[in-house]
Amino acid sequence: MTRRTMSRRAAVVTVTTVLALGSLGTVAATAGPQHDTKPSKKQIAALFDGWNAALQTGDPEKVADRYASDAVLLPTVSNKIRTDHAEIVDYFEHFLANKPVGKKVETIVNVLDSNSAIDTGIYEFTLTDPDTGKKRVVEARYTYEYEKRGGKWLIVNHHSSVMPEG
């Protein structure tokens with residue numbers, strides 16, 4: 001093989017390699033960005049624990065910060081639908097006066113994708129009357145719809161209603 005033939009073959013191999021790598025880049029580019037993996041049902045169910053811990057601080061802002069700015073709250077002990085941060089804070093200013101301690105009784109989690117999930121079930125709150133100190137337990141149905149925004153799981157929809165029977 002002459003030097004000239006070797007140079008031509010090397011050029012062909014180089015061009016073929018560049019074309020092959022270029023097509024792989026095209027495949028990778030059309031495949032789209034890597035998506036986060038789906039959270040486990042246990043991870044979604046544990047978001048309640050963070051929300052409940054925020055209640056224990058007694059700070060309505062800390063609780064409201066767990067909600068997206070466009071969240072909807074249908075609260076347990078209020079007839080008013082809350083649709084913005086200020087209204088959610090207002091609800092928790094009143095609710096937190098009862099020193100609520102939540103506990104899940106039954107939970108069903110549905111992970112929709114890597115950025116959204118629903119946790120629904122039954123929970124109970126032990127409430128303390130701020131005037132008398134008397135405790136009572138309120139059992140309620142709940143639904144939390146979560147979305148991952150900016151890398152943080154936030155509540156976008158929260159519905160809670162006292163059990164109709166019992």
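For a straight C-alpha distance cut-off of 18 angstrom, the lysines reachable from Lys41 (same-chain residues fewer than eight places away being disregarded) are Lys103, Lys104, Lys148, Lys152. Nonpolar atom fraction for the stretch 26-166, defined as the carbon and sulfur part of the 1.4 Å probe accessible area, stands at 51 percent. Pull out a ≥ b ≥ c, the square roots of the eigenvalues of the alpha-carbon gyration tensor of the stretch 36-93, then state rounded if a/c is under 1.5, prolate if not and a/b is larger than b/c, and oblate in the remaining case. Taking the square roots of the gyration eigenvalues as a ≥ b ≥ c, the stretch 36-93 is prolate.
A 1.4 Å probe run over the stretch 32-166, with the rest of the protein chains in place, finds 57 Å² accessible per residue.
Modelled spin labels at Thr107 and Val162, positioned 7 Å past Cα toward Cβ, are 2.5 nm from each other.
Taking square-rooted eigenvalues a ≥ b ≥ c of the alpha carbon gyration tensor, is the stretch 60-165 rounded, prolate or oblate, where a/c under 1.5 means rounded and, failing that, a/b exceeding b/c means prolate?
Note, shape of the stretch 60-165 comes out oblate.
Between Arg136 and Lys38, residue separation times 0.36 nm minus the direct Cα-Cα distance comes to 31.5 nm.
The values are calculated or read from the model by the stated rules, or taken from the named source; none is laboratory data. Being a predicted model, the structure only gives us computed values, none of them experimental. Here Cβ is always computed from backbone atoms with ideal geometry, including for glycine, and neighbour counts include all displayed protein chains. We work out accessible area using only protein heavy atoms, side chains counted, and drop any ligands, DNA or RNA first. Shrake-Rupley method; radii C 1.70, N 1.55, O 1.52, S 1.80 Å.
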